[in-house]
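Presented below is the structure to which this report refers.
The values are calculated or read from the model by the stated rules, or taken from the named source; none is laboratory data. The structure presented is a predicted model; accordingly, all values stated were derived computationally and were not measured. Here the Cβ positions follow ideal geometry from the backbone for every residue, glycine too, while neighbour counts run over all protein chains shown. Heads up: the accessible areas ignore ligands, DNA and RNA and are worked out on the full protein's heavy atoms, side chains in. Shrake-Rupley method; radii C 1.70, N 1.55, O 1.52, S 1.80 Å.
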Amino acid sequence: MELLAKMNLKNAVERVLHVPGNYTGGVLEMTLVVDCGLPDQYVRDFAGEIAGILRMHSEVFRNVRMNLLLWKSDREMENKVIPLSFLQTSGCFEDYRQRKENKKLEQLAAHLKLFHARSKLILALTGEEVFIEDEQALIQNMRPFLGKKSLFLLKDDPEGKWRRGMEFPLQRELPG
């Protein structure tokens with residue numbers, strides 16, 4: 001990861017953690033969402049780098065409850081509770097298999113709102129395109145808090161920028 005991308009990650013995380021009423025101290029609970037459409041080696045390398053950057057950045061990340069959410073399809077999402085250090089060793093990706101499927105962002109947002117509402121920081125590694133079928137459902141699920149504490153990184157984003165909530169360009173229709 002380039003130096004600018006590392007700085008962007010640190011700054012974006014700081015902005016999320018300092019949202020009034022979000023994180024007030026103690027053990028941080030966070031979620032890393034991995035789109036299973038991404039290549040295996042990319043996921044292993046990038047997740048490890050993210051973990052290393054976060055652990056070096058702040059004492060807050062020395063003791064964290066990490067949820068790893070593998071986004072396989074709209075109906076299949078697998079959650080694993082792991083130590084942050086497992087991301088650095090790639091031990092949590094032994095069963096990872098790339099699955100090329102079109103997934104809708106509103107389905108992920110609904111799942112996150114139901115099962116990961118306690119997470120104070122949600123990082124999502126997604127494919128080049130994110131699809132929306134029902135924009136109103138997405139907006140409803142992102143409010144009131146999910147949009148403020150989630151950061152998305154699109155693979156091969158020319159800006160290499162972590163985008164909060166709905167601050168990124170979206171593909172409105174599923175292909176074919």
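For a modelled paramagnetic label at VAL27, 7 Å from Cα along Cα-to-Cβ, the residues of the stretch 87-116 in reach, with backbone nitrogen under 20 Å, are 87-88, 92, 115-116.
Annotation note: GluC sites (Glu not before Pro) in the stretch 46-78 located in DSSP loop regions with a Cβ neighbour count of at most 12 within 10 Å are GLU76. Each other residue within a Cβ distance under 15 Å of LYS72 adds +1 if Lys or Arg and -1 if Asp or Glu, for a net charge of 0. Here's how it looks for LEU121: its modeled amide H is under 5 Å from those of THR31, which are all 5 or more places away or on a different chain. Take every DSSP beta bridge whose two residues both sit in the stretch 1-102; close to 45 percent of them are antiparallel. Report summary: the helix-based calculation at 222 nm, which adds -39500 (n - 2.57) for every DSSP H run with n ≥ 4 and divides by the residues of the chain, gives -10500 deg cm²/dmol.
With protein chains left intact and a 1.4 Å probe, residues in the chain average 52 Å² of accessible area per residue. Determine the shape class of the stretch 89-143: with a ≥ b ≥ c the square roots of the Cα gyration tensor eigenvalues, call it rounded for a/c under 1.5, and otherwise prolate if a/b is greater than b/c, oblate otherwise. Because a/c hits 1.5 or more and a/b fails to exceed b/c, the stretch 89-143 counts as oblate. With a 1.4 Å probe and all protein chains left in place, how much of the accessible area of the chain comes from carbon and sulfur atoms, in whole percent? Of all accessible area on the chain, carbon and sulfur atoms account for 48 percent. Once you order the gyration tensor axes a ≥ b ≥ c over the Cα atoms, which shape class does the stretch 1-82 get: rounded for a/c under 1.5, otherwise prolate or oblate by comparing a/b with b/c? Cα axes put the stretch 1-82 in the oblate bin. Ligands, DNA and RNA aside, SER90 has an accessible area near 20 Å² when probed at 1.4 Å. A straight chain from HIS57 to GLU76 at 0.36 nm per residue would run longer than the Cα-Cα distance by 3.6 nm. Counting only DSSP beta bridges whose two residues both lie in the chain, roughly 30 percent are antiparallel.
When each full DSSP H helix of the chain is screened for a Cα extent of at least 18 Å along its own axis and an average Kyte-Doolittle hydropathy of at least -1.0, the helices passing are 3-17, 40-57.
Which of rounded, prolate or oblate describes the chain when judged by the alpha-carbon gyration tensor and an a/c cut-off of 1.5? The shape class here is rounded. The alpha carbon centroids of the stretch 1-22 and the stretch 51-86 are separated by 16 Å.
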